[in-house]
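Encoded as structure tokens, the structure appears first; notes follow it.
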Amino acid sequence: MTSAALNEVRAGVLRRPGLMSQPLRDALSDAYDEWLRAAVPAQRDSIALVAVGGLGRREPTLYSDLDLVLLHDGRTSDIAALADEIWYPIWDSGVGLDHSVRTPGQALDVAEDDLKALLGLLDLRHLAGNAEMSAQLRARVVELWRKSAPKRSDDLRALSARRWALAGEGAFLLEPNLKDSRGGLRDVQSLRALALAQLVDMPAPVRVAGGELLDIRGELHRLTARPEDVLRLQDHDAVATAFGLVADDGTPDRDEVLRRANHACRVVSYALDVSWRRVEASIDRRPFVTRLFSASPGPVREGIAADVVAQDGEVVLARDAAPRRDAGLVLRAARAAATNELPFASHTLDRLAAECPPLPDPWPAQARDDFVALLGTGPAAVPVLESLDSAGLLARMLPEWDAVRSRAQHNPVHRFTVDRHLLETAACAAERTRDVARPDLLLVGALLHDIGKGYPGDHSVVGAEHAAVIAQRMGFAAADAATITAVVRQHLLLPDTATRRDLDDPMTVSSAATAIDASVQVLELLHALAPADAAATGPAAWSDWKAGLIRELVRRIRAVLQGDPLPGPAPIDDERRAMAAAGKLDVRFRGAGEVVVAAPDSVGVLYRTAGVLALHSLDVRSASIGTVESMAVNSFVVSPRFGRLPDPALVRADLARALAGELGLAQRLREKERSYGAAPARPPTVTWFDDAATDATVCEIRAEDAIGLLCRVTAALERGGVDVRSARVSSLGNSVVDAFYVTTRAGSRVPHDARADIEIELRAV
């Protein structure tokens, strides 16, 4: 038996300076192998100790379990005691162990019944004892797998799908599971198994991507000192430091760590999709008798574009195609693939990448038409463009694409990385091409709207600069290139203005019209782009409330551009006037999530009302504050956090107690926030706008969302000595942007010298 405990052996490997990635895995494998060989009694031909799993592949990570099988010939009388002599020292050392004791025949029986066990045995590697016993078992396992793989491929696919449903798509997650997410290490093992069954080839990029995932997982284990497979946000900095990745500002480049993980998962996912198509095509599911008496049909080739044909459900090149002399072939083939909803054959992509020359600058008109038509196919374009990207062809046409590839978006509302978000936005915009006069400008603008996120600076401004270059390269006329540039620069104008500014203020509308240079065409394109961008972001990015605000803003901008007078603020309706005339507290719920509150006007009405609404789990989307004689009549657009509006009578009763100082509002809000397990929030940022309102100052506050935040912010503004005229509250995920139209108590704009004290109050919330 060995002298050092197994955990001490592992610690010795860890103490070696500069050891990481593959050298670390090799050293750890060698150390484990040596210890385990010493644990098996010499000259015992009746047994064999084999490794499976990570150690079997010589890919152990520091704190993963060891997967071991003790094989025996069935006649070894002391096999149980012998197994204990091996297992117990491992357990005693604190190293995780997954073990079994079987004869080779028993191992095969289990493999026949249990797909997971069969896949594990494919990684079998001899460690000690009878090497022939190990070799024979592995040969029989591989033979079993090759015979059964066509029939069991559906089970493997279903097994993978169940895992993906729990662990998500690794290519787009902010916290990918490096092992179990789609595109993770288990999928690398699935591809290795399919290649071993001789159903597919093991792509070289997958080997590289698998190594990248193993490298990151290894440092994650070292950092956490446990078998952690999820690359959590709080660990990104430390893992980046381990790899020596430094951002431009000298801090650890956490984005690069995540980009590497996401990109590796994307490479594996793409290879998996290609492999499953190949597996499906290779399996003849016809009954045996039918296959026996049927002649083998030759491949059916159908032309779908010049020099492009469809064969066996894939896009391939015609026999006489000449890619070396045809720069437009890539886009022509891609358009045909998306139009017919067919994938590229992998060898076709390889040939296009190796032989096709780059497009001239500017592009020929036909190439531009093919590209726009490709985008116009909508969702069908996404997998085609992804396949072009995987072959390096998309960045050849759009070099700027490299900067956004697999770049994470840290707002959890975003479902996708920047590059995939752009593809999805273009696909969603394709559904709105009938709403605009120039569908081509909409589609290209949608594809490029966030291209600036790959570069330092304001992504809208930087993105517009890159979009101008790209549009010119694509061969658009100068006026059209300017329109695309304007769409990219102003792609946030409508949603931001509609949700953060007072639409009744003429300054809001005139500023928006000025931002688009009074262009009806740009306005039309932005109106179509806004819902497409939101749909590609995620379900939380759009609502009927936001759609209505944008629609109203567009209507008002059109009126300005046509020279029509702007409608003034809506006069107070009879119901509100009656509530004010009654001279007492009143709370009424109206349609479209509106809550109207009338109360005797005094300092504190606004923040106490906001606090009571929060206590009743109502998220405030916008607020309009008004005074009729001596009564405050305030209107709030709310959405219930749990899908149901509360009883107005209960809200009225709580508000009466809050206004009387009897509710303990602050304490109740703290208790409610604790019940949600909210983490400590960072201080908000405060920005003042002097030219965004006609007769008020706009105070914009960006903060992490929290229960009662609006209550605390409005209370801070009141303590700062300002009156809130109206408010717009916009939330996206866990972030909010609250815009308050404020004046002094005398009704004038807030002077600059008074703002510092107000900001102190706001940041304290």
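The values are calculated or read from the model by the stated rules, or taken from the named source; none is laboratory data. Predicted model only: the values in this text are computed from it and were never measured. Here Cβ is always computed from backbone atoms with ideal geometry, including for glycine, and neighbour counts include all displayed protein chains. For accessibility, only protein heavy atoms count, side chains too; no ligands or nucleic acids. Shrake-Rupley method; radii C 1.70, N 1.55, O 1.52, S 1.80 Å.
So here's what we get for this one:
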{"item": "Residues within the stretch 726-746 that are open to solvent by 50 Å² or more (accessible area, probe 1.4 Å) and farther than 13 Å from residue 702 by Cα, tallied", "result": "2"}
{"item": "Residue in the stretch 561-583 that is touching an Asp or Glu at 6+ places or on another chain (Cβ under 6 Å), over 22 Å from residue 545 (Cβ atoms) and surrounded by fewer than 17 Cβ atoms within 10 Å (Cβ to Cβ) present", "result": "no"}
{"item": "Failed item in (1) of a type outside the set (Asp, Glu); (2) open to solvent by 10 Å² or more (accessible area, probe 1.4 Å); (3) assigned to a helix (DSSP H, G or I), with residue 86 passing the rest", "result": "(2)"}
{"item": "Residue match in the stretch 527-542 (condition: open to solvent by 40 Å² or more (accessible area, probe 1.4 Å), modelled with pLDDT under 95 and part of a helix (DSSP H, G or I))", "result": "yes"}
{"item": "Residue selected from the stretch 298-320 under the condition part of a loop (DSSP other than H, G, I, E, B), at pLDDT 95 or above and among the aliphatic types (A, V, I, L, M), by the criterion surrounded by the fewest Cβ atoms within 10 Å (Cβ to Cβ)", "result": "306"}
{"item": "Residues of the stretch 497-526 that turn out to be open to solvent by less than 60 Å² (accessible area, probe 1.4 Å), assigned to a helix (DSSP H, G or I) and without any contact (Cβ under 8 Å) to a residue 60 or more places away in the chain, as a count", "result": "10"}
{"item": "Residue 26 vs. criteria modelled with pLDDT under 95, open to solvent by 20 Å² or more (accessible area, probe 1.4 Å) and of a type in the set (D, E, K, R)", "result": "no"}
{"item": "Check on residue 556, surrounded by 15 or more Cβ atoms within 10 Å (Cβ to Cβ), touching a residue at least 12 places away in the same chain (Cβ under 8 Å), closer than 24 Å to residue 631 by Cα and among the basic types (Lys, Arg)", "result": "no"}
{"item": "Of residues in the stretch 597-608 being in a strand (DSSP E or B) and buried (at least 19 other Cβ atoms within 10 Å of the Cβ), the one nearest to the chain's Cα centre (by Cα)", "result": "597"}
{"item": "Count of the stretch 321-366 residues which are open to solvent by less than 10 Å² (accessible area, probe 1.4 Å) and at positive phi", "result": "0"}
{"item": "Matching residues in the stretch 617-638 - criterion: being closer than 20 Å to residue 731 by Cα, in a strand (DSSP E or B) and out of contact with any Leu (no Cβ under 7 Å at 6 or more places or on another chain)", "result": "618, 619, 621, 622, 623, 624, 635, 637"}
{"item": "Within the stretch 228-260, tally of residues that are outside any loop (DSSP other than H, G, I, E, B) and either under 16 Å from residue 454 (Cα atoms) or basic (Lys, Arg) (or both)", "result": "7"}
{"item": "Boolean, residue 55 is modelled with pLDDT under 95, closer than 24 Å to residue 189 by Cα and surrounded by 14 or more Cβ atoms within 10 Å (Cβ to Cβ)", "result": "no"}
{"item": "Criterion (under 30 Å from residue 160 (Cα atoms), in contact (Cβ under 8 Å) with a residue 12 or more places away in the chain and of a type in the set (Gly, Ala, Ser)) met by exactly one of 120, 74, 129", "result": "120"}
{"item": "Selected residue (criterion: farthest from residue 413 (Cα to Cα)) from residues of the stretch 196-223 that are assigned to a helix (DSSP H, G or I) and free of Cβ contacts under 8 Å to residues at least 12 places away in the same chain", "result": "204"}
{"item": "Test: residue 191 is at pLDDT 95 or above, of a type in the set (A, V, I, L, M, F, W, C) and open to solvent by less than 20 Å² (accessible area, probe 1.4 Å)", "result": "yes"}
{"item": "Unique residue being on the phi > 0 side of the Ramachandran plot and surrounded by 14 or more Cβ atoms within 10 Å (Cβ to Cβ) when the list is 626, 611, 593", "result": "593"}
{"item": "Tally, over the stretch 448-460, of residues that are of a type outside the set (A, V, I, L, M) and assigned to a helix (DSSP H, G or I)", "result": "5"}
{"item": "One residue from 481, 429 being part of a helix (DSSP H, G or I), surrounded by 21 or more Cβ atoms within 10 Å (Cβ to Cβ) and under 22 Å from the mean Cα position of the chain (by Cα)", "result": "429"}
{"item": "Candidates 463, 445, 475 - the one that is open to solvent by less than 40 Å² (accessible area, probe 1.4 Å) and assigned to a loop (DSSP other than H, G, I, E, B)", "result": "475"}
{"item": "All positions within the stretch 95-107 that are part of a helix (DSSP H, G or I) and either open to solvent by less than 20 Å² (accessible area, probe 1.4 Å) or in contact with a Phe, Trp or Tyr (Cβ under 7 Å, 6 or more places away or on another chain) (or both)", "result": "107"}
{"item": "Flag for residue 592 being in contact with a His (Cβ under 6 Å, 6 or more places away or on another chain) and in a helix (DSSP H, G or I)", "result": "no"}
{"item": "Among residues of the stretch 693-725, those that are within 25 Å of the chain's Cα centre (by Cα), surrounded by fewer than 22 Cβ atoms within 10 Å (Cβ to Cβ) and not in a loop (DSSP other than H, G, I, E, B), counted", "result": "2"}
{"item": "Matching residues, the stretch 395-415, being more than 21 Å from residue 261 (Cβ to Cβ), open to solvent by less than 40 Å² (accessible area, probe 1.4 Å) and not acidic (Asp, Glu)", "result": "397, 398"}
{"item": "Out of 560, 554, sole residue that is in contact with a His (Cβ under 7 Å, 6 or more places away or on another chain), in a helix (DSSP H, G or I) and not charged (D, E, K, R)", "result": "554"}
{"item": "Cross-chain or 6+ apart pairs with Cβ under 7 Å, the stretch 146-169 first and free of Cβ contacts under 8 Å to residues at least 40 places away in the same chain and closer than 14 Å to residue 280 by Cβ, then of a type in the set (A, V, I, L, M, F, W, C) and surrounded by 13 or more Cβ atoms within 10 Å (Cβ to Cβ)", "result": "152/115"}
{"item": "Flag if residue 690 is open to solvent by 60 Å² or more (accessible area, probe 1.4 Å), acidic (Asp, Glu) and more than 18 Å from residue 607 (Cα to Cα)", "result": "no"}
{"item": "Condition met for residue 431 (charged (D, E, K, R) and over 30 Å from residue 623 (Cα atoms))", "result": "yes"}
{"item": "Verdict on residue 117 being of a type in the set (A, V, I, L, M, F, W, C), closer than 30 Å to residue 6 by Cβ, open to solvent by 20 Å² or more (accessible area, probe 1.4 Å) and outside any loop (DSSP other than H, G, I, E, B)", "result": "yes"}
